[in-house]
Amino acid sequence: MSTSRKDSFEIQFLQLTDALLVWCAFSLGGIVRSSFGLGAPDEGMMQKMNWVLYIAVPFTPLVLEHFGFYKRLRTKPASTAMWQLIKSLLVIVLFLGIFAIFAKLMDTRRLVLGLGLIFIFVAILLRDRVTQMWLKYRVGDDSSKERVIIAGSEQEAHDLLAELGPEATTNWNVIDRFDLELSDVDLLFELLKKESISRVIFTAKATEFEKVARAVEACELQGVEAWIAASFIRGQIARPTFDLVGSKPMLVLRSTPDLSWELLCKEFFDRAAACTIILLSSPLWLLAAIGIRLRSPGAPVFYSQMRAGRYGQPFRMWKFRTMVANAEELLEKIKEDHGNQMDGPVFKLQNDPRIFPFGAMLRKFSIDELPQLLNVVTGDMSMVGPRPLPLYEVDAFSEIAHRRRLSVKPGITCEWQAGGRNQITSFEEWVAMDLKYIDSWSMWLDIKILLRTIPAVLFGKGAA
């Protein structure tokens, strides 16, 4: 059976993990042989096993795939997994034996080989069971499921879910079955916004083409993936690609970066970088906390606010407090007395009177932003991405296209910050820079933005 791009990505990750386990298993076999004196001392033992590693490491995952080991990951019984694993290891042993005879490599340490095969069986079987437990846990946890809308008639939605089956849809949290024939597209737009939807499955075979196209546009403008099981529709921004849900072909209109190893590297890099910077900057955290306590006694050290994350999902963002304790209550009066340097829904004022002197110093060198590293560690933010806005500013967007900046994780720094924060007063220009970042994203672009952010922070360039 064919697999989707996401499933293929997960299978490749499992195959790489299993290849690493094979290498570790043979290494452990050598360690056990040496440690317990199960053979004559042999300093070049593992060098003589290299040819085994060259065969077993890359080919074991391929043989496992041939016997269906990576199918039905959520529902496969342990007995089936064990039998598939045994058959695969027998094939590997047969292949190693044939190669050893023809290449005359008869000095391989058979005890290491035997122990290695046993350890491979145990390690990969444990990995498979742990993977299944994790997948079942995700199924039982609605918060980790993908929030999905099925768009089409009630009967079409029912038929689609029945045809796909639980293996394909078990990780979906179907928020609504939206009837495109009876409901207005504006209601779909509001539903996407309200429920933080990440994917809409269109199965509207009987719906007029124009209405489906407008519904796809509502998804496109918010950066929500549109999966179409009907007519071919090309969006103005989104890149059309074909994918699979179960065995059913889908047309995907994606206006965000494709799932890739590069995105996985970004996730790993974000958390590793955040943890490293937290450790290295710990003296600054202490300095900031002491300074805030001394210069603004009686008020909390940290300031938190609900911001709009990916797909508009609210999360609590943390900063060091740089304003007076009642800053939120004074906002409307500040707007009346001093105006707003940024047009559009975002408020910005260079010399905001609510900022106390020590807070201004924290802002100048971006020390107040350090607690956001905790948001990166928890997965709510990224090191680089569009800046997260307060929920009330997102609700005030005048253009629905502005919501597409919510289609990726918000970041600590972005293009406009790296280039000097006070030089931009047009919200439209700011959004245009964010959308350009989304459309041209690469890991190298993130690195370049981070490198440009360093001097901006050190020299307080453009800081408010």
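Consider I201 carefully, then state whether it is modelled with pLDDT of 90 or more, under 14 Å from A151 (Cβ atoms) and part of a loop (DSSP other than H, G, I, E, B). Outline the logic, then answer.
Working: modelled with pLDDT of 90 or more: yes; under 14 Å from A151 (Cβ atoms): yes; part of a loop (DSSP other than H, G, I, E, B): no.
When the stated conditions are applied, I201 does not pass them.
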Given (1) hydrophobic (A, V, I, L, M, F, W, C); (2) modelled with pLDDT under 90; (3) assigned to a helix (DSSP H, G or I); (4) farther than 30 Å from E210 by Cα, index of the condition L105 fails
(3)
Conditions (1) surrounded by 16 or more Cβ atoms within 10 Å (Cβ to Cβ); (2) in contact (Cβ under 8 Å) with a residue 40 or more places away in the chain; number of the one not met by I334
(2)
Any residue in the range 438-464 that is modelled with pLDDT under 85 and of a type in the set (S, T, N, Q) sitting within a Cβ distance under 6 Å of a residue that is surrounded by 13 or more Cβ atoms within 10 Å (Cβ to Cβ) and assigned to a helix (DSSP H, G or I)? List the pairs, counting only those 6 or more apart or interchain.
none
Which residues, counting only those in the range 278-302, are free of Cβ contacts under 8 Å to residues at least 60 places away in the same chain and either in contact with an Asp or Glu (Cβ under 9 Å, 6 or more places away or on another chain) or part of a strand (DSSP E or B) (or both)?
none
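Would you mind finding the one in A56, A25 that is modelled with pLDDT of 90 or more, at negative phi, surrounded by 15 or more Cβ atoms within 10 Å (Cβ to Cβ) and of a type in the set (G, A, S)?
Working: A56 fails: modelled with pLDDT of 90 or more.
Result of the check over A56, A25: A25.
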Kindly provide the set of residues from the range 274-305 that are under 15 Å from P371 (Cβ atoms), among the aliphatic types (A, V, I, L, M) and surrounded by 13 or more Cβ atoms within 10 Å (Cβ to Cβ), ordered by number.
A274, I277, I278, L284, L287, A288, A289, I292, V301
Just to check your reading of the model, which residue among S296, S282, S255 is among the hydroxyl-bearing types (S, T, Y) and at pLDDT 90 or above?
S282
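Quick one: which of L180, L191, L187 is closer than 22 Å to V245 by Cβ and either out of contact with any helix residue (DSSP H, G or I) (no Cβ under 8 Å at 6 or more places or on another chain) or among the aromatic types (F, W, Y) (or both)? Please lay out each step first, then the result.
On the way: L180 fails: either out of contact with any helix residue (DSSP H, G or I) (no Cβ under 8 Å at 6 or more places or on another chain) or among the aromatic types (F, W, Y) (or both); L187 fails: closer than 22 Å to V245 by Cβ.
So the residue among L180, L191, L187 that is closer than 22 Å to V245 by Cβ and either out of contact with any helix residue (DSSP H, G or I) (no Cβ under 8 Å at 6 or more places or on another chain) or among the aromatic types (F, W, Y) (or both) is L191.
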Tell me, please, whether a residue that is out of contact with any strand residue (DSSP E or B) (no Cβ under 9 Å at 6 or more places or on another chain), surrounded by fewer than 16 Cβ atoms within 10 Å (Cβ to Cβ) and assigned by TED's automatic domain parsing to the domain that holds S35 can be found in the range 204-211.
no
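Looking for whichever is surrounded by 13 or more Cβ atoms within 10 Å (Cβ to Cβ) and within 21 Å of L244 (Cα to Cα) here; the options are A162, A168. Which one fits? Spell out how you get there, then give the answer.
Numbers: A162 fails: surrounded by 13 or more Cβ atoms within 10 Å (Cβ to Cβ).
Checking each option against the conditions leaves just A168.
Among the listed residues G359, G344, which satisfies the condition of being assigned to a loop (DSSP other than H, G, I, E, B) and crowded, with 19+ Cβ neighbours inside 10 Å?
Numbers: G359 fails: assigned to a loop (DSSP other than H, G, I, E, B).
Every option except G344 fails the conditions.
The values are calculated or read from the model by the stated rules, or taken from the named source; none is laboratory data. This is a predicted model, so every value here is computed, not measured. Counting neighbours? That spans all protein chains shown, and the Cβs are built from the backbone with ideal geometry, glycine included.
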